[in-house]
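The values are calculated or read from the model by the stated rules, or taken from the named source; none is laboratory data. What you are looking at is a predicted structure, and each value in this text was computed from that prediction instead of being measured. Heads up, the Cβs are rebuilt from the backbone with ideal geometry, glycines too, and the neighbour counts pull from every protein chain shown.
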Number of protein chains: 2
Amino acid sequence: MDRFECLICGPVASRDPYSPFCPGCAEPLFLVPAARSGGKIIHEDRPLALERFADFLPLDGIDPGLSLGEGMTPLVRLGRTGAAMGLAAVYAKNEAQNPTGSFKDRGTAVAVQKAVSLGIKRIGTVSTGNMAASTAAYGARAGLETFVLLKEGTAVTSLKAAGIHGPRLIAVEGDYGSLFRASLDVGKRLGISFMNSIDPYRMEGYKLTAFEIYLQMGRRSPRFLFVPLSSGGHLLGLMRAFEDLEREKLIATYPTFVGVQAQGCAPLATAFAAGLDRYERPAEVRTIAHAISNPTPPAGNAVLRLIHDHKGILLAVTDEEMLEAQRELAAAEGLFCQPESATTLAALKKLVAAGRIAEKSGDAVLVLTGSGLKTPHLLESVPVEIHRIPLSGLESCLSRLF
Amino acid sequence: MDRFECLICGPVASRDPYSPFCPGCAEPLFLVPAARSGGKIIHEDRPLALERFADFLPLDGIDPGLSLGEGMTPLVRLGRTGAAMGLAAVYAKNEAQNPTGSFKDRGTAVAVQKAVSLGIKRIGTVSTGNMAASTAAYGARAGLETFVLLKEGTAVTSLKAAGIHGPRLIAVEGDYGSLFRASLDVGKRLGISFMNSIDPYRMEGYKLTAFEIYLQMGRRSPRFLFVPLSSGGHLLGLMRAFEDLEREKLIATYPTFVGVQAQGCAPLATAFAAGLDRYERPAEVRTIAHAISNPTPPAGNAVLRLIHDHKGILLAVTDEEMLEAQRELAAAEGLFCQPESATTLAALKKLVAAGRIAEKSGDAVLVLTGSGLKTPHLLESVPVEIHRIPLSGLESCLSRLF
């Protein structure tokens, strides 16, 4: 029987299985890390990421038939980028190489393993894109009835990329935050298990990114860890994972966690800058970064609390800064990520420029959350020069381009 | 010093470094497998795929700084698909999880390692999409001047996804086959190393897919291996890799190799069906499968020869069959691939229906070459039902969809 806790109330006696919130204070719930006699072991010889880190997961077993081979993404050294900033080493953890092209697959994989083990037949999610595709894919693989709720106005590519997996697709008018809460209420009445952004099992899945970074860094923490920040589930999962590693005495120090928002929707960075422990909804939302533009992040206050405890940093970058960083990652390092993912590089550059990260500070890892192929419409603004010629003009054209 | 051979003339005395063709017979050249005293070892503990299989590669060293973490893609069991056909086991090797979303990255990675080790500063490719993005990405990462030649009329998404890496992009009017040959001539005169589809080092990179399948199957060959077939470089690389494994006494039997073309452009499947050892250019090309629609595949006759030697199979499937298979992989297994990749499942179904693969025949591996996100325009035809409702209608809508 899994046990749950909240950052404020501690362990809770009972939990509504259709809600990710603490019955006492309405803050998000987390799994209580289970103890394991003799300590937890990383099984590096096992094929699936879920199997390698099984000792850390709240699953009694792993069914490989439900997996799409999520995780085990590369940690790519950004030599040119690091050198340009005078840093010892900068790495990208490229989550775009997950089965549906984003980090969401790690969370969905764990949530679906749990759902199937509990005999749940109907799952759902509320999403602006990445989580829709991920939940639809894993739901299809598991043979579950899958309900995907999207905000009216979601890009057609996102709709279709989720729709090809055959879920029930519902576009709902109105506010994302209201839809998030309505989905939980309706899910409970109809018996649909909604695995939204801060589902506790989903956050357990995000832990695997941290465990892999730990291994890929040679069994230690990086000095800085940059993560795009929206609902808070991803960053919370990563912070909790390093707490797991510390508890198991596998790391001596924590990274400095840096959560990055889009300036056009930055309730948490704003609260952090003002030294507040609760965020306020911004008056308006204006950013191209739809994947990280939640004005009422359901785990927002938990993020503020845990970032405070860990002496982390929250900050915001502009759309222009993230688009420039996206192009820089593509042109200098060969990595084509979503603009939302490139917020991490934009934030690193800001902190370096402000003198808050210096050469001797050591290494930084940027978590690139999703593939640039997910947002083809944003490529329209990329200045690409195309030379149009007849075949007979090939040699003269090429020689002019040296 | 690397040595080269051709399937007809055997080892060649000297090779034009700007041409992939045999100076004697104009068939494609391959690297002569180097012997290694004490046999070749797979180094499973090394992080990069290139490092794991370094004993099999014609590289004196691996520079991790040039890699994007290509390879090590999952082998996903297709339980529902296999059961529906009454087969023991069907697997997908999901090449969409490579850095730029297609198998091309494996070939580009090896070709760029070799180019940099030789001091080459300018590289190029001729592509309809996947290879453009891959070469642009790896060229950018290596800091090489990169020239990408595309057919006039290439989809804007493909252009931009390559363009963001900052290569010289040239759209050329006229025939793809002529452009392929012109690129080699012009490249030689201008000192641009064109790593096109059948570049010998590129084909060495494709071998890694076979080595990984061998490991993932528990160090044996699958009974059948299905691969989409266009220029021939991919299938040739895979066949040569199993020959390497056989030479090292690592496998006892070969898989039956099955190359799959689009019926609207199937010169090799047509020649195979007619028992010919040379193909003819089809009168017209008419298929949605642009990534595999080369009417004059430069390694086509080599494919016919090696498929004959290995008692393999070549066949074609219609656009409708591949689109149906694409939806089936997404809806039944959670895998969203390019239609070109789904030709493999369509072909498997055809062979099963024709009684050429029966239950006891054992397992089949389908190589899914690229991500469905690469061809968003083809999603337009996917029948996706979207229910549009106000928030107040959520419960009644969901309950009606059970």
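Which residues, taken from region B:348-369, are assigned to a loop (DSSP other than H, G, I, E, B) and closer than 22 Å to B:H290 by Cα? Steps first, answer last, please.
Here is the first cut: in region B:348-369, the residues assigned to a loop (DSSP other than H, G, I, E, B) are B:354-358, B:362-363, B:369.
The one that is assigned to a loop (DSSP other than H, G, I, E, B) and closer than 22 Å to B:H290 by Cα: B:T369.
Among (1) under 29 Å from A:I41 (Cα atoms); (2) without any contact (Cβ under 8 Å) to a residue 40 or more places away in the chain, which single condition is A:M239 missing?
(2)
Assess whether B:D175 counts as being surrounded by fewer than 24 Cβ atoms within 10 Å (Cβ to Cβ) and either touching a Ser or Thr at 6+ places or on another chain (Cβ under 8 Å) or touching a residue at least 40 places away in the same chain (Cβ under 8 Å) (or both).
Spelling it out, it is not the case that B:D175 is surrounded by fewer than 24 Cβ atoms within 10 Å (Cβ to Cβ) and either touching a Ser or Thr at 6+ places or on another chain (Cβ under 8 Å) or touching a residue at least 40 places away in the same chain (Cβ under 8 Å) (or both).
Which of (1) in contact with a strand residue (DSSP E or B) (Cβ under 6 Å, 6 or more places away or on another chain); (2) β-branched (V, I, T); (3) closer than 30 Å to B:C22 by Cα is the odd one out, the single condition B:I386 does not satisfy?
B:I386 satisfies every listed condition except (3).
Does any residue of region A:231-249 turn out to be assigned to a loop (DSSP other than H, G, I, E, B) and in contact with a Leu (Cβ under 6 Å, 6 or more places away or on another chain)?
Step one: list which residues in region A:231-249 are assigned to a loop (DSSP other than H, G, I, E, B), which gives A:231-232, A:248-249.
Narrowing the set further to residues that are in contact with a Leu (Cβ under 6 Å, 6 or more places away or on another chain) leaves none.
Within region A:231-249, not a single residue is assigned to a loop (DSSP other than H, G, I, E, B) and in contact with a Leu (Cβ under 6 Å, 6 or more places away or on another chain).
Can you pull out the residues in region B:57-70 that are surrounded by 17 or more Cβ atoms within 10 Å (Cβ to Cβ) and of a type in the set (G, A, S)?
Once the filter is applied, which keeps residues that are surrounded by 17 or more Cβ atoms within 10 Å (Cβ to Cβ) and of a type in the set (G, A, S), region B:57-70 yields B:S67, B:G69.
Can you pull out every residue in region A:296-305 that is touching a residue at least 60 places away in the same chain (Cβ under 8 Å), crowded, with 20+ Cβ neighbours inside 10 Å and either of a type outside the set (V, I, T) or touching a Ser or Thr at 6+ places or on another chain (Cβ under 6 Å) (or both)?
Keep residues of region A:296-305 that are touching a residue at least 60 places away in the same chain (Cβ under 8 Å), which gives A:296-303, A:305.
Keeping just the survivors that are crowded, with 20+ Cβ neighbours inside 10 Å gives A:297-303.
Answer for region A:296-305, where residues must be touching a residue at least 60 places away in the same chain (Cβ under 8 Å), crowded, with 20+ Cβ neighbours inside 10 Å and either of a type outside the set (V, I, T) or touching a Ser or Thr at 6+ places or on another chain (Cβ under 6 Å) (or both): A:P297, A:P298, A:A299, A:G300, A:N301, A:A302.
Mind listing just one residue for me: the one in region A:177-197 that is part of a loop (DSSP other than H, G, I, E, B) and small (G, A, S) and, of those, nearest to A:L29 (Cα to Cα)?
Restricting attention to region A:177-197, the residues satisfying the condition of being part of a loop (DSSP other than H, G, I, E, B) are A:191-192, A:195-197.
Subset that is small (G, A, S): A:191, A:197.
On the way: A:G191: 20, A:S197: 12 Å.
Step by step, filter region A:177-197, then rank; the result is A:S197.
Looking at region B:157-174, which of its residues are more than 8 Å from chain A (Cβ to nearest Cβ) and farther than 15 Å from A:R327 by Cβ? Full working, then the answer.
Within region B:157-174, the first condition is being more than 8 Å from chain A (Cβ to nearest Cβ), and the residues that meet it are B:158, B:162, B:167.
B:S158 - this is the single residue of region B:157-174 that is more than 8 Å from chain A (Cβ to nearest Cβ) and farther than 15 Å from A:R327 by Cβ.
Scan region A:76-86 residue by residue and report those that are at the interface with chain B (Cβ under 9 Å from one of its Cβ atoms) and either surrounded by fewer than 14 Cβ atoms within 10 Å (Cβ to Cβ) or under 23 Å from the mean Cα position of the chain (by Cα) (or both). Show your work before the answer.
Our first condition is that a residue be at the interface with chain B (Cβ under 9 Å from one of its Cβ atoms); within region A:76-86, this holds for A:76-77, A:79-80.
Passing the criteria: A:V76, A:R77.
Tell me which residues, restricted to region B:258-276, are crowded, with 24+ Cβ neighbours inside 10 Å and either of a type in the set (V, I, T) or at positive phi (or both).
Residues satisfying the conditions are B:V258, B:V260.
Taking region A:61-80 on its own, how many of its residues are more than 20 Å from A:L144 (Cα to Cα) and among the acidic types (D, E)? Steps first, please.
First pass over region A:61-80, keeping only residues more than 20 Å from A:L144 (Cα to Cα): A:71-80.
Okay, now just the ones that are also among the acidic types (D, E), so none.
Within region A:61-80, residues that are more than 20 Å from A:L144 (Cα to Cα) and among the acidic types (D, E) number 0.
If you check A:A54, A:A34, A:A111, which single one turns out to be away from chain B (no Cβ under 13 Å), without any contact (Cβ under 8 Å) to a residue 12 or more places away in the chain and under 24 Å from the mean Cα position of the chain (by Cα)?
Numbers: A:A34 fails: without any contact (Cβ under 8 Å) to a residue 12 or more places away in the chain; A:A111 fails: without any contact (Cβ under 8 Å) to a residue 12 or more places away in the chain.
The conditions single out A:A54.
Go through A:S371, A:S399, A:S381 for me and flag whichever is under 21 Å from A:T157 (Cα atoms) and facing another protein chain (nearest Cβ under 7 Å). Let's see the steps before the verdict.
Details: A:S399 fails: under 21 Å from A:T157 (Cα atoms); A:S381 fails: facing another protein chain (nearest Cβ under 7 Å).
Unique residue meeting the criteria: A:S371.
Can you tell me how many residues within region A:300-330 are among the aliphatic types (A, V, I, L, M) and over 30 Å from B:A137 (Cα atoms)?
Qualifying residue count, region A:300-330: 7.
Out of (1) touching a residue at least 60 places away in the same chain (Cβ under 8 Å); (2) within 21 Å of A:P297 (Cα to Cα); (3) surrounded by 14 or more Cβ atoms within 10 Å (Cβ to Cβ), what's the single condition that is false for A:T73?
(2)
Does A:A325 meet the test of being at pLDDT 95 or above and either touching a His at 6+ places or on another chain (Cβ under 8 Å) or crowded, with 20+ Cβ neighbours inside 10 Å (or both)? Steps first, answer last, please.
Working: at pLDDT 95 or above: yes; either touching a His at 6+ places or on another chain (Cβ under 8 Å) or crowded, with 20+ Cβ neighbours inside 10 Å (or both): yes.
Considered against the rule, which asks whether it is at pLDDT 95 or above and either touching a His at 6+ places or on another chain (Cβ under 8 Å) or crowded, with 20+ Cβ neighbours inside 10 Å (or both), A:A325 comes out as yes.
Would you pick out the residues in region B:124-170 that are closer than 20 Å to B:S230 by Cβ and more than 22 Å from the chain's Cα centre (by Cα)? First the steps, then the outcome.
So the first thing to find is which residues in region B:124-170 are closer than 20 Å to B:S230 by Cβ, and the list is B:124-136, B:148-155, B:157-159, B:161-162.
B:E152, B:G153 - these are the residues of region B:124-170 that are closer than 20 Å to B:S230 by Cβ and more than 22 Å from the chain's Cα centre (by Cα).
Exactly one condition in (1) modelled with pLDDT of 95 or more; (2) outside any loop (DSSP other than H, G, I, E, B) is not met by B:K311; state its number.
(2)
If we keep just the residues of region A:118-137 that are more than 22 Å from A:E95 (Cβ to Cβ) and assigned to a loop (DSSP other than H, G, I, E, B), which is nearest to the other protein chains (Cβ to nearest Cβ)?
A:K121
For region A:356-372, which residues satisfy the criterion of being among the small types (G, A, S) and touching a Lys or Arg at 6+ places or on another chain (Cβ under 7 Å)? Break it down into steps so the answer makes sense when it comes.
Restricting attention to region A:356-372, the residues satisfying the condition of being among the small types (G, A, S) are A:358, A:361-362, A:364, A:370-372.
Those that are among the small types (G, A, S) and touching a Lys or Arg at 6+ places or on another chain (Cβ under 7 Å): A:S361, A:G362, A:A364.
Would you call B:K311 out of contact with any Ser or Thr (no Cβ under 9 Å at 6 or more places or on another chain) and in contact (Cβ under 8 Å) with a residue 24 or more places away in the chain? So that I can check it myself, show each step before the final result.
On the way: out of contact with any Ser or Thr (no Cβ under 9 Å at 6 or more places or on another chain): no; in contact (Cβ under 8 Å) with a residue 24 or more places away in the chain: yes.
No; evaluated as a whole, the condition is false for this residue.
Determine, yes or no, whether B:A140 is at the interface with another protein chain (Cβ under 8 Å from one of its Cβ atoms) and more than 21 Å from B:D185 (Cβ to Cβ). Give the steps one after another, and end with the answer.
Numbers: at the interface with another protein chain (Cβ under 8 Å from one of its Cβ atoms): yes; more than 21 Å from B:D185 (Cβ to Cβ): yes.
Answer is yes for this residue.
Only residues in region B:373-391 that are over 24 Å from B:K160 (Cα atoms) count as the first member; pair them with residues that are part of a loop (DSSP other than H, G, I, E, B) and among the acidic types (D, E), Cβ under 6 angstrom, at least 6 apart or cross-chain, and list the lot.
Close Cβ pairs satisfying both conditions: B:P390/A:E173.
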